[in-house]
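Structure, as structure tokens:
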Amino acid sequence: MERKITLGITRDMFDAEGNLDIPGPGLELLDEMPEMEYRMFDQFLPEVTAEQIQGCDMVISAAASWTERSLDGNDCLIALLYTGVGYDHIDVKALTDAGVLFCFAPDAVRRPMACTIITFILALAMKLMAKDKITRQGRWSEQNDYRGEGLMGKTLGSIGVGNIGHEVFALAQPFGMRHLGCDPYIKQTDVDDVGVQLVDMDTLLAESDFVSISVPLNEETRYLVGERELRKMKSTAYLISTSRGPVVDEAALIQALQEGWICGAGMDVFEEEPVDPDNPILGMDNVVVSPHSLCHTDEYYKLAWSGKLRQAAQILRGEIPEELVNREVLNRPVFQTKFKKFQMS
């Protein structure tokens, strides 16, 4: 290989002073790859531009969108290494057409996201936020108004039982709950190890005390949970929304919470982000909210960063990472031409 490989890193992964904002050794791990140099993007833009990636062989990216415009005229980029799993903000077809590998990070998010869902379940069941509030406000005598709920014998349902959903059930096993799952892409044998009974969505909604959603956002899942689905839930049940905001019809959810169709909700995602300060959900005592970041733990960042560098190292060796999303790109002549220099190095 005649020159060093250039790894671009989007600006949102650095702090204001230009230091990599990730726990752990960070950029020091690049010392193990002397064939590679990195370049921090000068600024964060909501959509990556063709000028930003000019000269980059690979890019590690987080929140920025990628469109066909991002790749206009680029014949150098061979891989986009994404630090998450939900990629509705990334035009995968455009990447494929441009001969670019798209690799995501299922191992990095599996446990942190499952812990996020479990956190919401426990916080809602134990009325944690209400108890925190009355304690801080000196309302100690009101404690009996906010008695918690035990989990043993309750039913936990997950819409989507893939990478994250499966891990949720694994973590929930000691709670003694009944486990229901709904997922058209898996078989019963895939979830037998975590005691999940696969059922149709209506059954899951009607019988679950906690309904968690772990699905990607696409045309099939947009407004997957709306008025019809919320009305099927128990009035004592809770909804946990942690995948993408538009998977849930937020207007219907607000009505459900205001009128008591369901008991409460845990929300890490919203239809509009950042969430509007006037959103009625923010004033509800039966909702626990977080800013699409509850899974952003040191564990997540370390796994995401080390995973991206591992994928970069594999590509440097002429290998294809297992976490490749767009496998059809491997048959594209434009990709094969770019990949030859790595296979011959």
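A few points about this structure:
- Out of SER61, SER65, SER70, sole residue that is assigned by TED's automatic domain parsing to the domain that holds GLY318, more than 22 Å from ALA313 (Cβ to Cβ), crowded, with 17+ Cβ neighbours inside 10 Å and among the hydroxyl-bearing types (Ser, Thr, Tyr): SER70
- Residue within region 107-115 that is in contact with a strand residue (DSSP E or B) (Cβ under 9 Å, 6 or more places away or on another chain) and in contact (Cβ under 8 Å) with a residue 40 or more places away in the chain present: no
- Of note, GLU28 does not satisfy the criterion of being free of Cβ contacts under 8 Å to residues at least 12 places away in the same chain and part of a loop (DSSP other than H, G, I, E, B).
- Hits in region 125-160 (condition: in a strand (DSSP E or B) and either among the acidic types (Asp, Glu) or touching a His at 6+ places or on another chain (Cβ under 9 Å) (or both)): THR155, LEU156, GLY157, SER158
- Candidates ASP183, ASP200 - the one that is closer than 30 Å to LYS93 by Cβ and acidic (Asp, Glu): ASP183
- Restricting region 253-285 to residues that are crowded, with 20+ Cβ neighbours inside 10 Å and under 17 Å from the mean Cα position of the chain (by Cα) leaves a set whose member that is farthest from HIS89 (Cα to Cα) is GLY266.
- ALA79 vs. criteria of a type outside the set (Ser, Thr, Tyr), more than 21 Å from GLU322 (Cα to Cα), touching a residue at least 40 places away in the same chain (Cβ under 8 Å) and not assigned by TED's automatic domain parsing to the domain that holds THR221: no
- Scanning region 44-75 for residues that are at pLDDT below 95 and under 16 Å from PHE339 (Cβ atoms) yields ASN74, ASP75.
- For region 84-103, the criterion of a residue being at positive phi and of a type in the set (Gly, Ala, Ser) is satisfied by at least one position.
- Unmet requirement for LEU282, which otherwise passes all of (1) more than 29 Å from THR83 (Cα to Cα); (2) part of a helix (DSSP H, G or I); (3) not charged (D, E, K, R): (1)
- Region 286-303 - residue that is surrounded by 14 or more Cβ atoms within 10 Å (Cβ to Cβ) and assigned to a loop (DSSP other than H, G, I, E, B) and, of those, farthest from the chain's Cα centre (by Cα): ASN286
- Residue selected from region 73-109 under the condition farther than 24 Å from ARG222 by Cβ and in contact with a Gly (Cβ under 8 Å, 6 or more places away or on another chain), by the criterion surrounded by the fewest Cβ atoms within 10 Å (Cβ to Cβ): CYS76
The values are calculated or read from the model by the stated rules, or taken from the named source; none is laboratory data. Predicted model, so just to flag it, every value in this text is computed and none were measured. Cβ atoms come from the backbone with ideal geometry, glycine included; neighbour counts cover every protein chain shown.
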